[in-house]
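*Asks:* Handing you this structure, nothing more for now.
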Amino acid sequence: MSEVVADFVVIGAGPAGMAAACEARSHGLSVVLLDEQAAIGGQIYRGVETAPSDRLEVLGKDYAVGRDLTSAFCSSGARHVGGATVWNVSTDGTVDYVTNGSSGKAVGKYVLIASGAMERPFPIRGWTLPGVMGAGAAQILLKGAGALPSGPVVLAGCGPLLYLLAWQYLRAGASIRALVDTTDRSAHLHAARYVTGALLGWRDLAKGIKLLAALRRHRVPVYSGCTDLAVEGESRVEGLSFRHGGKLVQVPASLLLLHQGVVPNTQISWSTGSAHRWNAEQLCWQPVTDVWGRLGETSLYVAGDSRAIVGAQASAVQGRLAALAIAARLGAVTDLDRRAAPLQRDFRRHTSIRPFLDSLYRPRDENRIPQDGGVLVCRCEEVTAAQIRRYVELGCQGPNQTKAFGRCGMGPCQGRFCGLTVTELIAGTRGVPPDEVGYYRIRPPIKPVTLGELTR
Amino acid sequence: MTTEALFSIPHTAVVKTVTIIIDGKSLTVPDGISVAAALLAGGVRDFRSTVVGKAPRAPYCMMGVCFECLIEIDGVPARQSCLVPVRDGMRIRRQDGAADLVTANLGDVA
């Protein structure tokens, strides 16, 4: 087993983690950054260092700009441990991980959790069939392997990433059979309340308009305001059925990409026993921190999308702010407030559009809380919505108890892919707010490790 | 088991290739990509069947959170194939139901 000691240990090589590492290094702190992938970049800038020029062209400027951050990180003097799967984080700053079949320990005076976001589950009938994936997953295939759909693809759901992927596919010459948009039309009215903020983020708005114009130009069939989505097929996806303008529509599909936004990946922060609260605007859990991102009185900080969804640019700024606060605690920075002020202004600018986006692309209740009892909620242990409702009738109070009732959340994903659905399903059935039903008790090891790896 | 691939990787994107073996069949794939990406582009539609209902499953998230892409790699069952890069000569087997610890090669543990 290897052990390394540093002023600052960072988990996650996305924008927040890389920017935090750069900031900390600029104040002379020793930095170790751990990431599960071999290469830096996180999901948003995955493969950006090695992407050939035609792939950079297809993915667009907002992706290519990631190279500024990856090259700054590479020359920062921070130590990068790639392929490191973190399985335990202690509140005193100890991080246990495995890499290349052997185990390691990184002990930091302070630790930053920058574990990013994951796609929100999309629990509808048939979503477990082979050939159904997240749109973000398909984008990862494009970034990491240059892979494109072989035949016409169907995209369904809502949110900026869905339209962005469609635009990237069209630029790469891939064919889109249909875009099935689930955005609630009344959401436009609700979102209008936040239009002032959105105008401050006019660049993001203009980007969105450009993407939609490209879809029209390529004559991609776009179905708006769709409801009652169900995946068809027995052993693999064969199509998607949905209701559009009062009519039932069916489109054939061998590859169906679902997406309805991203949510914080909170597995690590939950596992430390830290407090979390329900974010009613973003419909997800978020860790409770101080303004700098510190979890209670621990040595742990959280920054970026794993703290609440803010996007890549704001995540980088938030990472810097957390690193500054830590540098100040270690005595390396004496004028914290003066240094933080311009970053805080940047953060507000980058997040001004967020309330507008959260409101416009609020995933429909029916796509988060399955009304169809046959929908699988826990994919690993194959527990349905009807079963979970039945557990509540029998006295089940929250997600943690569903484990005892029917192994819900006890499979290999450790609740990552059903936790939010189970929380909202139980809250809805009991008629209480999500904060009252709580979440699974997440315990280390938060990733599977073998005894063999622990002995090496 | 293998069929028309859902994803294709253009030749222009490939610098170097390696050969992996999936259920006894050789597959030439681009170097540097994940096992999951290689199998999806190689025509593997379902990676395993579930422990509870024996239902077919394939990768969903491609970033290590959904655990749907679990597959046996070089004798070790239930590896997250979206997180493991391909290596020349790698032997991969699809999993039917629960991983069988009795026949699994746990040599690396000893």
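*Asks:* What is the residue count in segment B:4-18 for residues that are over 15 Å from the mean Cα position of the chain (by Cα) and either in contact (Cβ under 8 Å) with a residue 12 or more places away in the chain or part of a loop (DSSP other than H, G, I, E, B) (or both)?
*Replies:* 9
*Asks:* Answer yes or no: is there a residue in segment A:242-251 that is of a type in the set (Gly, Ala, Ser) and in contact with a Pro (Cβ under 9 Å, 6 or more places away or on another chain).
*Replies:* No, segment A:242-251 has no match at all.
*Asks:* If a residue has to be within 7 Å of chain A (Cβ to nearest Cβ), open to solvent by 20 Å² or more (accessible area, probe 1.4 Å) and in contact (Cβ under 8 Å) with a residue 24 or more places away in the chain to count, how many in segment B:35-60 make the cut?
*Replies:* So the count comes out to 3.
*Asks:* Quick one: how many residues across segment A:1-28 are surrounded by fewer than 23 Cβ atoms within 10 Å (Cβ to Cβ), among the aliphatic types (A, V, I, L, M) and either at pLDDT 95 or above or within 21 Å of residue A:137 (Cβ to Cβ) (or both)?
*Replies:* 3
*Asks:* Are any of the residues in segment A:174-197 over 23 Å from the mean Cα position of the chain (by Cα), part of a loop (DSSP other than H, G, I, E, B), at pLDDT 95 or above and not acidic (Asp, Glu)?
*Replies:* yes
*Asks:* Please indicate, with yes or no, whether at least one residue in segment A:62-83 is more than 25 Å from residue A:329 (Cα to Cα), among the basic types (Lys, Arg) and within 14 Å of chain B (Cβ to nearest Cβ).
*Replies:* no
*Asks:* Which members of segment B:21-39 meet the condition of being outside any strand (DSSP E or B) and touching a helix residue (DSSP H, G or I) at 6+ places or on another chain (Cβ under 7 Å)?
*Replies:* B:33, B:37
*Asks:* Check every one of the strands (runs of 3 or more DSSP E) wholly within segment A:198-312 and list those with 2 or more residues that are aliphatic (A, V, I, L, M), away from chain B (no Cβ under 14 Å) and more than 18 Å from the chain's Cα centre (by Cα).
*Replies:* A:227-232, A:247-252
*Asks:* Just checking, which of B:92, B:71, B:21 is more than 10 Å from chain A (Cβ to nearest Cβ), among the β-branched types (Val, Ile, Thr), free of Cβ contacts under 8 Å to residues at least 40 places away in the same chain and open to solvent by less than 50 Å² (accessible area, probe 1.4 Å)?
*Replies:* On inspection, the qualifying residue turns out to be B:71.
*Asks:* Same structure again: Would segment B:3-18 turn up any residue that is under 30 Å from residue A:408 (Cα atoms) and either more than 10 Å from every other protein chain (Cβ to nearest Cβ) or modelled with pLDDT under 95 (or both)?
*Replies:* no
*Asks:* Please work out which residue is least open to solvent (accessible area, probe 1.4 Å), limiting yourself to segment A:49-61 and to residues that are within 14 Å of another protein chain (Cβ to nearest Cβ) and assigned to a loop (DSSP other than H, G, I, E, B).
*Replies:* Per the stated criteria, the residue is A:51.
*Asks:* Still on this model: Can you confirm whether residue A:107 is in contact with a Ser or Thr (Cβ under 9 Å, 6 or more places away or on another chain), farther than 22 Å from residue A:420 by Cα and among the β-branched types (Val, Ile, Thr)?
*Replies:* Yes: the conditions hold for residue A:107.
*Asks:* Within segment A:341-362, can one find any residue that is over 21 Å from the mean Cα position of the chain (by Cα) and among the aromatic types (Phe, Trp, Tyr)?
*Replies:* No; the residues of segment A:341-362 include none that is over 21 Å from the mean Cα position of the chain (by Cα) and among the aromatic types (Phe, Trp, Tyr).
*Asks:* Also, quick follow-up: Filter segment A:135-153 down to the residues that are small (Gly, Ala, Ser), at the interface with chain B (Cβ under 10 Å from one of its Cβ atoms) and over 21 Å from residue B:49 (Cβ atoms) and list them by number.
*Replies:* Matches in segment A:135-153: A:136, A:138, A:144, A:145, A:146, A:147, A:150, A:151.
*Asks:* Across segment A:110-134, which residue is nearest to the other protein chains (Cβ to nearest Cβ) among those that are over 22 Å from residue A:420 (Cα atoms) and assigned to a loop (DSSP other than H, G, I, E, B)?
*Replies:* A:130
*Asks:* When you look at residue A:86, is it in contact with a Ser or Thr (Cβ under 7 Å, 6 or more places away or on another chain) and assigned to a strand (DSSP E or B), yes or no?
*Replies:* Criteria not met by residue A:86.
The values are calculated or read from the model by the stated rules, or taken from the named source; none is laboratory data. Quick caveat: nothing in here was measured; it's all calculated off a predicted structure. Cβ atoms come from the backbone with ideal geometry, glycine included; neighbour counts cover every protein chain shown. For accessibility, only protein heavy atoms count, side chains too; no ligands or nucleic acids. Shrake-Rupley method; radii C 1.70, N 1.55, O 1.52, S 1.80 Å.
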